[in-house]
């Protein structure tokens, strides 16, 4: 049993940094920059998020408007700054909820085993067989018109898309551990399943779950933006990057900066999280699966 | 033995599909609450709602409705779309055909896109070309399909104005129009699929190039090009066939986003419209078809693995 303290096998923060791969450092630096922008963005933005008449509508890159001005005269750069914290918070919240749900289901399934495990596996398999974007759309549909467009719905959608995938991962990681003697001992001591899961299974699968969390968080901003773009995510005039891309999609020939601005902001965020996640995976000795999104 | 394994795999696929149908039915007809007022809006008249309830058999218990629906779908009776009042089968076919053409184009681009970087990297392994391509594929692997589609759109439509900004095709579109409409969406799908396969193929190729039979071919004095394409590549490709089949599972969902970004009138954009207009029967069918494609591609990948990798046959049996 390694318990919580040794879950990641890291003793000295300094060694941790020195042994980090270069990609991890680049990713983390970029990520810190994003977090800083998300925090102070609204204070340094030259214009308001919904302020109109900031410049000539549908104009391209300029010193006053680095990402141009949209159809109704809003400054796209200011909107990108205002939207940064939204995408980061929603991604973290959605992935965290998905991780909590998924690992609970996966670990419980592995620990209980038998028919329960078999049934849970079939259901997970069914959820995974619905392409993630389609599953997300189905969740938006099931939530009904009342909840449409609320940021909380996006958290739920990400959690629903991720939970079955994380559950499968957690189950696979835990199957190895449920047969160990200390788990048997805990069971024979009469500990309750939830207690064994929390004290024995979770710490021993923690590094797998952490890497899974980091990699999934990397894809969450794109998912949120994709839903925003399709019109099922956070609704305008909220400066959500995907919704902004959709608003400005028709201006692409006249003012490409209005699409490129939020688009590249999103791309570098995803790359930053991915580099960090992969570096983390390598340091924790996990293999990284770059397979299809 | 193999037959039993394949049979078992087919059975689980069918079971999964059954589970999916239950999830879809629940998400569309049970979870959202009152279907009639959701579809028709809050301010719809009671008579209109009653008519819709009648049409969708909403007064019957959910479990009976589910089996009625499942039975109809299995018999090929897909029902009538709510928004256009046309038979769903008539709406589906042209869209599915368009998406199949798009997918075929994507696969046609995918193959060279996966092969060439891998071969170039393997020939120049550990030189700067190899590292450069590795960085590029790693970056491309990090970029989600949605963004890749937008970036390609901006590059090829705005900076190099070669292609149309919207990939609309109609029955009267000619071949050139089709090609122009297909290139960007197909390229997006192909890149997403190719990056992983290319990285894997590079590693495989480097292993194979050091194998005995390749050394033998070199010693026989065969030209390096022949060694690569005839002796090394076929052996390196076998393990990636599994990945290629898995890549098809990506297409099942990838087309939804990519078609919407480029405005291509295929199956994916049909699904989006169905969800937007809360077209109950059409949502159910499109989601079911997408999952079906996913499950089939997965099945194909597993069968490929069972047939191509003898070791797996024994371990699983």
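Values quoted throughout were computed directly from the atomic coordinates according to the rules given, and no laboratory measurement underlies them. As the structure is a prediction and not an experimental result, all values here were calculated from the model. Note that each Cβ is placed from the backbone with ideal geometry, even for glycine, and that neighbours are counted across all protein chains shown.
Summary of values
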| read-out | value |
| --- | --- |
| Distant alpha-carbon pairs in the range B:2-74 (separation over 15 angstrom), percent | 64 percent |
| Relative exposure of B:178, A:241, judged by other C-beta atoms within 10 Å (fewest first) | B:178, A:241 |
| Test item: A:117-128 mean partner chain Cβ contacts at 10 Å | 4 |
| Cβ neighbours within 10 Å from other chains - mean over B:184-196 | 1 |
| Gaussian network model of chain A, Cα within-10 Å springs - most flexible of A:95, A:179, A:39 | A:179 |
| Sorted peptide list for A:152-164, B:136-148, criterion being average Cβ within 10 angstrom, highest first | A:152-164, B:136-148 |
| Relative contact order (percent, whole number), the range B:92-315, Cα cutoff 8 Å, 6+ residue spacing | 26 percent |
| At R0 = 30 Å, FRET efficiency that the Cβ-Cβ distance of residue B:179 and residue B:89 yields, to 0.05 | 0.55 |
| Gaussian network model of chain B, springs between alpha carbon atoms under 10 Å - residue of B:300, B:132, B:288 with greatest fluctuation | B:132 |
| Between the range B:19-72 and the range B:167-222, the alpha-carbon center distance in angstrom | 45 Å |
| Part-to-part distance (alpha-carbon centres) for the range A:172-231 and the range A:64-114, which is given in Å | 20 Å |
| Volume per residue that the Cα convex hull of chain B spans, once the total is divided by residue count, Å³ | 179 Å³ |
| GNM flexibility winner over chain B from B:94, B:239, B:171 (Cα, springs under 10 Å) | B:171 |
| Peptide-level mean, for B:253-266, of C-beta atoms on other protein chains within 10 Å | 3 |
| Angle in degrees between helix B:280-308 and the longest Cα principal axis of chain B, rounded to the nearest 10 | 30 degrees |
| Exposure proxy order (Cβ contacts within 10 Å, fewest to most) of B:277, B:25 | B:277, B:25 |
| Whole-number percent relative contact order across chain A, with pairs defined as alpha carbons under 8 Å at least 6 apart | 28 percent |
| Kirkwood Rh, Cα atoms: Rg over Rh of chain A | 1.05 |
| Long-range Cα-Cα pairs in the protein assembly as shown (distance over 39 Å), rounded percent | 34 percent |
| Relative counts (whole %) of C-alpha pair distances in the range A:118-248, using bins that are 10 Å wide | 12, 32, 27, 18, 9, 2, 0 |
| Cα long-axis angle, helix B:46-55 against chain B (0 to 90 degrees, to the nearest 10) | 50 degrees |
| Degrees separating the helix A:114-128 axis from the principal Cα axis of chain A, which is the longest one | 20 degrees |
| Förster radius 35 Å - calculated FRET efficiency between residue B:63 and residue B:4, Cβ distance, rounded to 0.05 | 0.55 |
| Three principal axis lengths of the range B:183-313 [C-alpha, angstrom, descending] | 67, 36, 16 |
| Full-extension gain in nm, residue A:50 to residue A:192, via 0.36 nm per residue minus C-alpha separation | 45.8 nm |
| Cα gyration tensor category, rounded, prolate or oblate, for the range B:105-156 with a/c compared to 1.5 | oblate |
| Separation in nanometres of the label points that stand 7 Å from Cα toward Cβ, at residue B:55 and residue A:180 | 5.9 nm |
| Label zone at residue B:44, where the point sits 7 Å out along the Cα-to-Cβ direction: the range B:84-118 residues whose backbone N lies under 14 Å | B:84-85 |
| Ranking of B:279, A:70, B:273 by count of other Cβ atoms within 10 Å, fewest first | B:273, B:279, A:70 |
